[in-house]
1. Assign one of three labels to the chain, namely rounded, prolate or oblate, based on the Cα gyration tensor with a ≥ b ≥ c the square roots of its eigenvalues; rounded applies when a/c is under 1.5, prolate when it is not and a/b is larger than b/c, and oblate otherwise.
2. With 10 Å bins from zero, work out the P(r) of the range 150-277 over every alpha carbon pair and list the percent per bin.
3. Please name whichever of Q194, V184, H250 sits farthest to the positive end of the charge dipole of the range 178-251, dipole taken about the Cα centre and charges placed at Cβ: Lys and Arg +1, Asp and Glu -1.
4. For the range 143-204, what is the charge dipole size about the Cα centre, in debye to the nearest 20, if Lys and Arg each add +1 at the Cβ and Asp and Glu each add -1 at the Cβ?
5. Note the full-extension length gain between N10 and S218 as 0.36 nm times their separation in residues minus their Cα-Cα distance, in nm to one decimal.
6. On a full-extension model of 0.36 nm per residue, what is the gain between Y40 and N247, subtracting their alpha-carbon distance, rounded to one decimal in nm?
7. In degrees from 0 to 90, rounded to the nearest 10, what is the angle of the helix 112-122 Cα long axis to the longest principal axis of the chain?
8. Taking the chain as a Gaussian network, where each spring joins two C-alpha atoms under 10 Å apart, which residue of L125, L208, L217 fluctuates the most?
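Throughout, read-outs are computed from the coordinates displayed, never taken from laboratory work. Keep in mind that what you see is a predicted model, and the values were worked out from it rather than measured. With ideal geometry, Cβ positions are generated from the backbone for all residues, glycine too; neighbour counts draw on all protein chains shown.
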Amino acid sequence: MTEALLQVKNLVKFFPIKRGVFRKTVGWIKAVDDISFEVYKGETVGLVGESGCGKTTTALTILRLEEPLKGQIIFEGKDLSKIKKSEMRKERKNMQIIFQDPYSSLDPRMKVKDIIAEGMLTHNLFKNTRERYKRVGELLERVGIPAEYMDRFSHEFSGGQRQRIGIARALALEPKIIMCDEAVSALDVSIRSQIINLLKDLQEEYNLTYLFIAHDLSVIKYISDRVIVMYLGKIIEIADKREFFSNTLHPYAQALISAVPVPNPDYKKERIILSGDVPSPADPPAGCRFHPRCAKARKICAEVEPELKEVKEGHFCACHFCAE
């Protein structure tokens, strides 16, 4: 994989904190703070971290459902951060998203066939309604739902079925990259494996690229080719999946790995217990943002922000002591 489908360069997205009668801006929530990474054609990149670290905001900003404050979003050589909203609407044909909550992401007033066909209608993909609904039926069958159910409403389906409908909606425009925003976290464990295997099969069949957002590292280990770890709006580690799980470098990522349950009652695994709570993104610590909770922290960690450096080929880490 040498050709980057998506390049994110120095992306920044802050949200204003407004107070008072006149809604004056008194501060900023630093949701995504100067991050850079690449996604190559045909791969799955797992984006992991605690809730509130900026994973979902990153995906929404790439799609420009949230407008970036700074930075570049280069998709197939075109900088999406510079184009008009009307042009961006056309680009979204190639960039789709599967949302986390299958209960709120589908319009309850629309029939399933119209939910899936809406994008096709917007982008004029088929000449008439019959062709659109024929394609809807094919997509439903492909994701495991009988085509004759297309006249039903979303409330008539279970959570797993609704997420399958969300996947069919994302596939309808034949995108090149799909953002999977916690696509299985709201589902029962028995259903998760089915949806994950479906996503893997669809990737091979349609030559898809995924940015897979999750906080469950066991899911990331199964589906991803590379792993990106975020903490408090910053990327702290990037590595190939095998390298990441066998040689984790950043202390925060090591703590995440130690929390993954092992299906062997006889195996004694040492847990790394982090002290304190995650700081507020409105007032992140100076220097390394993880230093107040890090057992390896030294004076420099509170004063100098570490750069994301390539420690070994393809393995990047943002820690002053990654090489130790």
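1. prolate
2. 10, 36, 33, 16, 5, 0
3. Farthest towards the positive pole: H250.
4. 80
5. My answer for the length gained is 72.0 nm.
6. That pair, Y40 and N247, stretches by 72.3 nm at full extension.
7. The angle comes out at about 80 degrees.
8. Greatest mean-square fluctuation among the candidates belongs to L125.
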